[in-house]
1. Working only within the stretch A:72-102, note down all residues that are within 24 Å of A:Ala26 (Cβ to Cβ), within 7 Å of another protein chain (Cβ to nearest Cβ) and among the aliphatic types (A, V, I, L, M).
2. Residue check: is B:Phe51 within 15 Å of the chain's Cα centre (by Cα) and not aliphatic (A, V, I, L, M)?
3. If you take the residues in the stretch A:43-69 that are over 18 Å from A:Ala14 (Cα atoms) and at the interface with chain B (Cβ under 7 Å from one of its Cβ atoms), which one is surrounded by the most Cβ atoms within 10 Å (Cβ to Cβ)?
4. Residue under question is A:Ser36, and the condition is that it be buried (at least 21 other Cβ atoms within 10 Å of the Cβ), under 14 Å from the mean Cα position of the chain (by Cα) and either facing chain B (nearest Cβ under 7 Å) or under 28 Å from B:Gly113 (Cβ atoms) (or both); does it hold?
5. Which residues, taken from the stretch B:38-52, are more than 9 Å from chain A (Cβ to nearest Cβ) and under 21 Å from B:Ser139 (Cβ atoms)?
6. Select, from B:Val27, B:Val95, the only residue that is in a helix (DSSP H, G or I), of a type in the set (A, V, I, L, M, F, W, C) and under 21 Å from the mean Cα position of the chain (by Cα).
Amino acid sequence: MEELLINQFLLLGAILFCTGVYGVIARKNTVLVLMSIELILNAVNINLLTFGALTRDVAGSVFALFIIAVAAAEVGVGLAMVLIIYRNRSSVDLDDVDSMRG
Amino acid sequence: MVSVFFYLIAAVMVGAAIVVVTSRNVVRAALALIVVFAGVAAQFILLAAEFVAITQVLVYIGAIMVLMLFGIMLTRARIGRDVDATNDHWWSGVVTALLLLGVMAYALVDYYGGDKLPADRQINSIADSVGPSNTSTVSDSIFSQYLIPFEVVSVLLLAALVGAIVIARKDR
């Protein structure tokens, strides 16, 4: 039987993670930044499941499920915050949210 | 054969991920994100984690993407082209991401090299059903060993739900 390499999955996770990091740094729109954060969380999930398969431990799957739940909570609160920023400032550009700039 | 599917799905995922972070159209970025989520679910199946894959489809594609699209519509992003979706110092993002990728790829290739996944943790093991399935193992350990973290996550979800309603409420 043909076997998959560990590095296939880990490198895919690394590429997705770095794409998400680029998105968080370079994007202007708050909703797009939230999407990039989702990319990062998915990359972490791939890594968790790969290490879980590697060590034959179920903890990888369990914590991937916890991350999915936390991601759902994060998106809910994050989008509520984006909505109230939009309502107060009529814009979701991160460059416009600078009242705390020193 | 499994490897071919892996690389096919991985190529689609990486392409869609790049569309997510570079597209000037917010809705197109959201639709590309759905492709990435579906690809991640497929990779979970290749890793013989069928329960997590189904949860991924239900929660990410079903719930989170609908929330994202609601967010896009409610903030009235222009549905057509949105020219200034990327800020002026995007090149620092490219540098950071490439440096990070270089370091991680070097460490991974150096440490794991050509190591293979255990044969009983690959997609073929789902159909074999020699031992208990992955789903039953996961549920057993969630409700015994990881019961307290599970309850904490439940309370976190409740708190996030209440918090989101309080934050987004209009009449204050």
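None of the figures in this text is laboratory data; all of them are computed from the coordinates on show. Computed from a predicted model, the values in this text were never measured in an experiment. Here the Cβ positions follow ideal geometry from the backbone for every residue, glycine too, while neighbour counts run over all protein chains shown.
1. First, pick out the residues of the stretch A:72-102 that are within 24 Å of A:Ala26 (Cβ to Cβ): A:74-75, A:77-79, A:81-83, A:85-86, A:89-102.
Checking the rest, the ones that are also within 7 Å of another protein chain (Cβ to nearest Cβ) come to A:75, A:77, A:79, A:81-83, A:86, A:92, A:95.
Answer for the stretch A:72-102, where residues must be within 24 Å of A:Ala26 (Cβ to Cβ), within 7 Å of another protein chain (Cβ to nearest Cβ) and among the aliphatic types (A, V, I, L, M): A:Val75, A:Val77, A:Leu79, A:Met81, A:Val82, A:Leu83, A:Val92.
2. Here the answer is yes, as B:Phe51 does meet what is asked.
3. Step one: filter the stretch A:43-69 for residues over 18 Å from A:Ala14 (Cα atoms), giving A:55-59, A:61-63, A:65-66, A:68-69.
Pick out the ones that are also at the interface with chain B (Cβ under 7 Å from one of its Cβ atoms) and you get A:56, A:58, A:61-62, A:65-66, A:68-69.
Values: A:Arg56: 10, A:Val58: 19, A:Ser61: 28, A:Val62: 22, A:Leu65: 23, A:Phe66: 18, A:Ile68: 21, A:Ala69: 17.
The residue in question is A:Ser61.
4. The answer is yes for A:Ser36.
5. Listed by number, the residues that qualify are B:Ala41, B:Ile45, B:Glu50.
6. On the way: B:Val95 fails: under 21 Å from the mean Cα position of the chain (by Cα).
Being in a helix (DSSP H, G or I), of a type in the set (A, V, I, L, M, F, W, C) and under 21 Å from the mean Cα position of the chain (by Cα) holds for just one of B:Val27, B:Val95, which is B:Val27.
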